[in-house]
Amino acid sequence: MNKDLNLDENFWNERYCLNDTGWDLGQVSPPLKAYIDQLTNKNLKILIPGCGNSYEAEYLLEKGFKNITILDIAPDLVKRLKSKFQLNQNIKIVLGDFFTHKAEYDLILEHTFFCALDPKLRKNYVETMKGLLTEGGKLAGVFLIRSLKCRALHLEEEILSI
């Protein structure tokens, strides 16, 4: 990763405006789909941070989940998502910064959000996740982590124990 790269709102907004989203699978992530398929409580309060094109949210809605919040920092993407889901009352679309988001969730689903963060923010990620989860809440995600070092490995263990 370019150490001078500023992964801010403008960076992510430009990626979506230019359709420069090589990480986008074009469908719900198979591991998350399998996880969602085993959930029985359709009233779980669910957050998807760094939601991107929100295939997981679409799938949750298809499966009858009733309390979904999707969050992204890219304004143009959020505008498209608000239009896409405008008739669905079971989803809340939030333009905002994950690190300042305030609410509590039973389940947080994430698909490569962690790996898209500047590594300096990863400890804050752990603390923010802890603060967003209800007691007994769960984090389920697809985490792509390259070039693990001892410190990063320790952080990964922290995430898995949230």
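The values are calculated or read from the model by the stated rules, or taken from the named source; none is laboratory data. Quick caveat, the model's predicted, so the values are computed rather than measured. Positions of Cβ are backbone-derived with ideal geometry, glycine not excepted, and every protein chain shown enters the neighbour counts.
Criterion first (more than 26 Å from Thr100 (Cα to Cα) and surrounded by fewer than 21 Cβ atoms within 10 Å (Cβ to Cβ)) does Leu39 satisfy it? When the stated conditions are applied, Leu39 passes them. Taking the listed residues Phe98, Phe85, Phe113, the one that is free of Cβ contacts under 8 Å to residues at least 60 places away in the same chain and under 19 Å from Phe143 (Cα atoms) is Phe98, with no other qualifying. Would you check if Ala103 is at pLDDT 95 or above and more than 12 Å from the chain's Cα centre (by Cα)? For Ala103, the condition - at pLDDT 95 or above and more than 12 Å from the chain's Cα centre (by Cα) - is met. With respect to Tyr16, is the statement that it is closer than 20 Å to Leu107 by Cβ and either at pLDDT 90 or above or touching a Gly at 6+ places or on another chain (Cβ under 9 Å) (or both) true? Here the answer is no, as Tyr16 does not meet what is asked.
Of the residues Leu81, Leu60, Leu109, the single one that is in contact with a strand residue (DSSP E or B) (Cβ under 9 Å, 6 or more places away or on another chain) and over 27 Å from Glu127 (Cα atoms) is Leu81. Report whether or not Gly64 is small (Gly, Ala, Ser), at pLDDT 95 or above and on the phi > 0 side of the Ramachandran plot. Taking the combined requirement at face value, the residue satisfies it. Residues that are of a type in the set (S, T, N, Q), assigned to a loop (DSSP other than H, G, I, E, B) and farther than 18 Å from Gly141 by Cβ occur in the stretch 41-55; there is at least one.
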